[in-house]
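What follows is a short report on a single structure.
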Amino acid sequence: MDGMAIKSERLLQIYSQLVSGDVLSKKELAQRFCVTERSIQRDMESLRCFFAEQGLRQDILYDRKKKGYRLEQPALSLLSNSEILAVCKILLESRSMRKDEMLPILDKLISCCVPERSRRAVSELLANEKLHYIEPHHGQRILPGLWEIGQAIQRHQVLEIEYERMKDPKLVRRRVKPVGLMFSEYYFYLTAFLEDKERFDNPDDLFPTIYRLDRIRSFKVLEEHFKVPYKDRFQEGEFRKRVQFMYGGKLERIRFKYTGPSIEAVLDRLPTARILSQDAEGWIVEAEVFGGGIEMWLGSQGSCVKVIDPSALAHKVKNQLSESCKLYEYICE
């Protein structure tokens, strides 16, 4: 092996260790590769030049405290203390996964996205909540298969699922056309169009269907593809604004008077809500929502909410929705 090849191999080994987070001593490297310390210093300069030429946001710094070279990752790849704390708090509060899935994610976030000097402080702030983390009662693993389902959605592949129903607990088989993954209040959901809708009493009213991911006992991604014309594509974001409670039902426009202390809480809870008028007593609010879950929420507000127009106006709403948001009806099995 000639000198150039030996140097290239040495540079690759040094870079591999730096990427792994090791702090490298110039003296130890010189002894290991049987070269002078000046050669190691030139190696570090060669790597710095390579980073600059390739536009890589990396640099090699000499750490005086640890007496060695280390790789400085780009600042933008790391989260600030406040950012990582916010992300971890949201994940913990979601209670969306079992402990053996949630805690490793938190540890990886802290390890990969927090500057080394702040990791201990962030870990200590989260330690108590991690210790007392309460898992969802379904006890099912969520992560296995999540990516495969996401890929099936992106590639428009038919899914065959074995699903445990909520209303009449039993396993049923369904062939569905998956169009979206959503998360709401502790659970992940698959949104899909039923392929075998003729088996139901009123097949025209069963689009799309919402399945809780933890109740899907098994699934198979088929080689069959389905077409989604661009003008009729499922708008997950628009649908998400109108389905807040994951209950079956039609698209409705509801109007009510709110006299509580925080109108912001109402507007945040119902993304399609708009204020029609305001007086000294409160606000008249109108919102578009899917499903009967809105009735449960309105009832939970007590005397702060008075329903003005509870009737379903789906047929009128359809004409007023923008072309980007199609009128869908769905059932949550």
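A short reminder: the numbers here are calculations on the coordinates, not readings from a lab. Keep in mind that this is a model prediction, so the values were computed, not measured. A quick note on method: Cβ atoms are made from the backbone with ideal geometry, for glycine too, and the neighbour counts reach across all protein chains shown.
3J(HN,Hα) along region 4-10: 5, 5, 5, 5, 4, 5, 5 Hz, from the Karplus curve 6.51 cos²θ - 1.76 cosθ + 1.60 with θ = phi - 60°, whole Hz, x for Gly and Pro.
Need the C-alpha centroid separation for region 124-164 versus region 92-112, integer Å. Their Cα centres are 12 Å away from one another. With the highest mean first, a sort of the peptides 106-114, 183-191 on other beta-carbon atoms found within 10 angstrom per residue produces 183-191, 106-114. Near the amide H of Leu79, within less than 5 Å, lie the amide hydrogens of Val114, all on another chain or at least 5 residues away, with H placed in the peptide plane.
Here the translational diffusion coefficient of region 1-137 follows from Stokes-Einstein with Rh set to the Kirkwood radius across Cα pairs; for 25 °C and 0.890 mPa s it amounts to 140 µm²/s. Averaged over residues, the count of other Cβ atoms within 10 Å places the peptides 166-179, 47-60 in the sequence 166-179, 47-60, highest first. Evaluated at q = 0.15, 0.30 Å⁻¹, a Debye calculation over the C-alpha positions of region 78-131 (equal weights, vacuum) places log10 I(q)/I(0) at -0.35, -1.35.
Pairs over the 32 Å Cα-Cα cut-off, from the set Lys170/Lys257; Lys7/Lys66; Lys167/Lys220; Lys227/Lys257; Lys99/Lys167: Lys170/Lys257; Lys227/Lys257.
Shown in residue order for region 176-188 are the 3J(HN,Hα) couplings computed by the Karplus curve 6.51 cos²θ - 1.76 cosθ + 1.60 at θ = phi - 60°: 10, 9, x, 10, x, 10, 9, 10, 7, 6, 5, 10, 8 Hz (x for Gly and Pro).
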